[in-house]
Amino acid sequence: MLDKFVDNVLRAIQATGCIHVVDIRKALVRWENLLEPCTASEEIARWRSISKRIERILEELGLQKDLGLLEQIFKRRERSLIEIDPTEEIELIKNAENVVVNVEKEIEERIKRFRLLRELLWELRTAKMGVEDFRSSDRVSIKLGKLASEKILPLENELKSRVGYSSLYVRGKKRIRFVAVISPRAFSEEIEKTTGEHGLVEISIPESLSGTPSSCLRFLDSELNNILKENERRILCLRDAVLAKIDRLIVKEKLGQTERIFVLEGWIPREKEEDLKTLIDQAAEGHATVSISDPDEAESEIPTLLRKRRLLGHFRMLTEMYGMPQYNEIDPTPFLAVFFAFFVGLMNADLAIGTTIIISSLLIRRGAGSRSENMKSLSTILLCIGISSIFFGVLMGEFMGRLIALPILWISAADSPIDFLLIVIGIGMVHLIFGTVLGFLNSFLKREFRKIIGKHLSTLLLIGSGAFFLLTGRFEFEGVAIAGYLAGIAGLATLIIGNGLLGLLELTRLLSNVISYVRILALNMATTVMSRTFVLLGGLLISVAFVGPILNGVLLLFSHFFIVFISVFATFAHSLRLHYVEFFGRFFIGGGTKFSPLTSERVYTTSKFQSERQNEGDVEQKYDES
């Protein structure tokens, strides 16, 4: 593409988010030294400087505030996204320096110089006198300022010794307090010198202000509101536009160039080929050539694009926490999603806990989920495990430690731990079988036949043998039990054939993997027993005269939220452990490169072009060759 269309092409690619750009320096050998790496470090530094100035402006105008922990989780997005046209964004970028300078000047003139005065007026807001009374006159000198609390007494003592006819008044309860020094006009120079030596920060009341402190406060607030109305939209749009510009420049450094031509290499989903050609042709006005071919690199160099699913896709964040699958490796996310929610539900298994988790997930989705895609995914995961917890809570008849005696429709882990132990071991075996089958498929795709026999086939035979004896309880060497023994012997044989005698160590690993699922029983019992204990203690408190029922209610409420808090963290962590160690250990290869297209994370705006693409269903991308 010609040099003058580079930014247009990158902007179009960024809006669609369909190309994973690779660094041309890795492929310079192919170009036989025809290209030079593109450099944009000076531009990046300049735009990052502008970005920092914009962030300061947002803070000065109160558009960007630090949120507390609870606000970060539950506070909803305050303003809707601003839809901006690409041409408007281009104009903003062209005039970015002027916009920033003008807004900074307005803030300096209309806000910053009144900041200390506004704080003083806030302290005096209940006073009935006008601000004119705080100005010096021909006969009286009034010095206003701000001073650290520990310096007030030394200042007062020195004023008494050097200027006998003076009074010092203090207002405020913070470490830094407001001070007024009143004296005859003749001593104004001595007052000025003394207060300056003690570090008094002077506050002046301009002649333009008049009236009571409260009316002056309203005037200053109206000034801030006027600046907000005049600049809010363009400064928020400029903030997102500048960050998008920086992202494009960072990618631009991955391009190759000659004197007039720029070359971009990258990966694209197969189904986006024709769209990309049309897009680049329009952006470059026909002055660009697009060549698309099948991958010929090693699989480790090809990025992995995980399928976007409406519900199960939210669990991708858990997969990516462990690692990215390699190209053509089976995506474990759907299996992780189903088993993860299933395990956490089994561990919590309480109708009240599940209901609390669902309510929390909806609040998080309404709050942090409105500002962050990751928090939206987390809220969906919590919703799934909440539903699972309710389901198993109903089956096991648990509601806050049987505060309400529900019928046990299936089994109670606390009342029948041995039976539940056999169930979770069986579930663990099923989970391991799924993992082994996925490992079998991965090895088959890579033609690793020795691994198929020595690892996956042997594991399936050994688990199958163990499952047979667990279900039937028959250990005598006769009848159908012979099939169980033969499966075990065949599993040992294939294990040795594939790995030698050292392969027998896999038996201990397999056994420890199966035993690890006992944690489901342990956590279920821990949650249930704690709940029942608190219910028992609450029952003892009811007998206390007058306040017994109140104490019982407070204890049950506190204990419930305490148990929910620790059980969610514990079950979340242990369910992840069962997947990352036991399940993924059977098939997951990992080490892949995530498909990371050039895009922009907009906080305050949305591009009209981007909105149109999304309305066409462009966001649904298939897990396919890139």
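The values are calculated or read from the model by the stated rules, or taken from the named source; none is laboratory data. For clarity, every value in this text was computed on a predicted model and none was experimentally measured. Using ideal geometry, Cβ is built from the backbone for each residue, glycine included, and neighbour counts are taken over all protein chains shown.
Annotations
- Checklist (1) of a type outside the set (A, V, I, L, M); (2) closer than 26 Å to Y327 by Cβ; (3) over 30 Å from the mean Cα position of the chain (by Cα) applied to Q282, failing item: (2)
- Candidates L383, L395: the one that is in contact with a Phe, Trp or Tyr (Cβ under 7 Å, 6 or more places away or on another chain), modelled with pLDDT of 95 or more and of a type outside the set (S, T, Y) is L395.
- Meets criteria (at pLDDT 90 or above, outside any loop (DSSP other than H, G, I, E, B) and farther than 30 Å from L209 by Cα) for R30: no
- Scanning region 158-214 for residues that are of a type in the set (F, W, Y) and assigned to a strand (DSSP E or B) yields Y169, F178.
Quick grid of which residues meet (1) polar (S, T, N, Q); (2) loosely packed, with under 13 Cβ neighbours inside 10 Å:
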position: I73; (1), (2): no, no
position: S80; (1), (2): yes, yes
position: I93; (1), (2): no, no
position: V100; (1), (2): no, no
position: K112; (1), (2): no, yes
position: L116; (1), (2): no, no
position: L124; (1), (2): no, no
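- V564 at pLDDT below 90, more than 30 Å from E476 (Cβ to Cβ) and among the β-branched types (V, I, T): no
- Wholly within region 460-558, helices (runs of 4 or more DSSP H) carrying at least 3 residues that are closer than 28 Å to R402 by Cα: 518-541
- Residues of region 566-586 that are touching a Phe, Trp or Tyr at 6+ places or on another chain (Cβ under 8 Å) and either polar (S, T, N, Q) or more than 20 Å from T380 (Cα to Cα) (or both): T571, S575, L578, Y580, E582, F583, F584.
- Of the helices (runs of 4 or more DSSP H) that lie entirely inside region 277-386, those containing 3 or more residues that are in contact with a helix residue (DSSP H, G or I) (Cβ under 8 Å, 6 or more places away or on another chain), buried (at least 20 other Cβ atoms within 10 Å of the Cβ) and touching a residue at least 40 places away in the same chain (Cβ under 8 Å) span 333-348, 351-366.
- Just one of the numbered conditions (1) in contact with a Leu (Cβ under 6 Å, 6 or more places away or on another chain); (2) β-branched (V, I, T); (3) outside the structural domain of E202 (by TED's automatic domain parsing) is not true of V131: (3).
- Reported count of residues in region 218-261, each being of a type outside the set (V, I, T) and touching a strand residue (DSSP E or B) at 6+ places or on another chain (Cβ under 7 Å), is 9.
- Screening I408 against (1) surrounded by fewer than 16 Cβ atoms within 10 Å (Cβ to Cβ); (2) closer than 24 Å to F335 by Cβ leaves a single unmet condition, (2).
- Close pairs (7 angstrom Cβ cut-off, 6 or more residues apart or separate chains): more than 11 Å from L507 (Cβ to Cβ) in region 481-496, surrounded by 13 or more Cβ atoms within 10 Å (Cβ to Cβ) and β-branched (V, I, T) anywhere: T494/I453
- Exactly one residue out of S465, S512 is surrounded by 20 or more Cβ atoms within 10 Å (Cβ to Cβ) and either assigned by TED's automatic domain parsing to the domain that holds A414 or in contact with a Cys (Cβ under 8 Å, 6 or more places away or on another chain) (or both): that is S465.
- In region 289-348, the residues that are among the aromatic types (F, W, Y) and either within 15 Å of L383 (Cα to Cα) or at pLDDT 90 or above (or both): F315, Y322, F335, F339, F340, F342, F343
- Only one of the listed residues (I191, I176, I203, I268) is among the β-branched types (V, I, T) and not assigned by TED's automatic domain parsing to the domain that holds L153. That residue is I268.
- Qualifying residue in region 429-452 (condition: surrounded by 17 or more Cβ atoms within 10 Å (Cβ to Cβ), among the basic types (K, R) and closer than 20 Å to G491 by Cβ): yes
- So T593, is it touching an Asp or Glu at 6+ places or on another chain (Cβ under 6 Å) and either surrounded by 20 or more Cβ atoms within 10 Å (Cβ to Cβ) or modelled with pLDDT of 75 or more (or both): no
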